[in-house]
1. Can you report the number of residues in the range 79-108 which are open to solvent by 20 Å² or more (accessible area, probe 1.4 Å) and within 13 Å of VAL136 (Cα to Cα)?
2. Every residue in the range 129-147 that is out of contact with any Gly (no Cβ under 7 Å at 6 or more places or on another chain) and touching a residue at least 40 places away in the same chain (Cβ under 8 Å), please.
3. When the residues of the range 221-245 are narrowed to those that are open to solvent by less than 10 Å² (accessible area, probe 1.4 Å) and in a strand (DSSP E or B), which ends up nearest to GLU64 (Cα to Cα)?
4. For the range 129-147, which residues satisfy the criterion of being assigned to a loop (DSSP other than H, G, I, E, B) and either within 27 Å of ASN176 (Cα to Cα) or in contact with a Ser or Thr (Cβ under 6 Å, 6 or more places away or on another chain) (or both)?
5. Tell me which of these ASN47 doesn't satisfy, since it passes every other one: (1) within 17 Å of the chain's Cα centre (by Cα); (2) of a type in the set (S, T, N, Q); (3) open to solvent by less than 70 Å² (accessible area, probe 1.4 Å); (4) modelled with pLDDT under 95.
6. Give me the pairs: first residue in the range 60-80 and among the aliphatic types (A, V, I, L, M), second residue surrounded by fewer than 17 Cβ atoms within 10 Å (Cβ to Cβ) and modelled with pLDDT under 95, beta-carbon distance under 7 Å, and six or more apart or on different chains, which are they?
7. So which residues in the range 59-73 are farther than 18 Å from CYS91 by Cβ and of a type in the set (Val, Ile, Thr)?
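The values are calculated or read from the model by the stated rules, or taken from the named source; none is laboratory data. The structure displayed is predicted, hence computed values, not measured ones. So basically every Cβ, Gly included, is an ideal-geometry build from the backbone, and we count neighbours across all protein chains shown. Ligands, DNA and RNA are stripped out before the accessible areas are found, and what is left, the full protein with its side chains, is counted by its heavy atoms. Shrake-Rupley method; radii C 1.70, N 1.55, O 1.52, S 1.80 Å.
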Amino acid sequence: MMKSRLLLMFVALFMLAGGNRANAQAYSYDVNHDGQVTITDAMVVINHILGIANVNDPVNIPAEAIDLGLPSKIKWASYNVGATKPEGAGCYYSWGDTEERVYYDWNHYVHCDGSSSTCHDLGSDIGGTEYDVAHVRWGGKWRMPSPIEVKELIDNCTHEWTTLNGVRGQKFTSNNNGASIFIPAAGNRYSSSLQDVGTEGLYWVSKQSPSDNTYAYLLFLDSGDVSYRYGYARFAGFPIRPVTE
């Protein structure tokens, strides 16, 4: 067992170091999303291969619940799923997926059979279900926000385009109790590319489009706008900012 584990560690370190140069641009070697590639990332890979839970993986560690004094009493997470701090991008997920992917397109989307015309219907609202990565990863009452909760956030907070530790994004400050959260302009994943970092933030919410099940709703932010939008193709990789009761 020890020899097998050491062999797996060698393979993991080789891959993390960029051993597969042909696909180097498609992978994120910072497996545990702590901002650096170390032996810890190799251990996360090994534990995944062995089926051992990575309890210290930031993807599985809930954020602080921030009370913004909202009418619904809903609290917003202080950072994204997969991040460790408010300005961290965290992980990028297709809508309804609970794992990050190398490619983000219809051909690789797990909830279709290779095309938008074969998109699986996951239900009108996946909040708190097996398709909700916030609920699956963080447990408890954590879940993706609903469109109503996104609108409530926008209506009950002032927002300011600002920079936190070198990262641009929108700061939401409650009109009711003065508490605030920062949501970074983390961009999005499309195909194998990470794009629009620092200029746009697109965050999945829990509701599927009622008129087209290939689309889902989102929270959009940039330097001049914060809005709840009709939707985007479900295969795209967006961060998730959870809420809890």
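1. Going through the range 79-108 one residue at a time, the tally reaches 2.
2. ASP132, VAL133, ALA134, ARG137, TRP138, GLY139, GLY140, LYS141, TRP142, PRO145, PRO147
3. VAL243
4. The answer is GLY140, LYS141, TRP142, MET144, PRO145, SER146.
5. (1)
6. Short answer, once both residue conditions are applied: ILE74/GLU245.
7. Passing the criteria: only ILE66.
To keep it simple, each residue is scored yes or no on (1) among the hydroxyl-bearing types (Ser, Thr, Tyr); (2) within 10 Å of the chain's Cα centre (by Cα).
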| site | (1), (2) |
| --- | --- |
| GLY90 | no, yes |
| TRP95 | no, yes |
| TYR104 | yes, no |
| GLU130 | no, no |
| VAL136 | no, no |
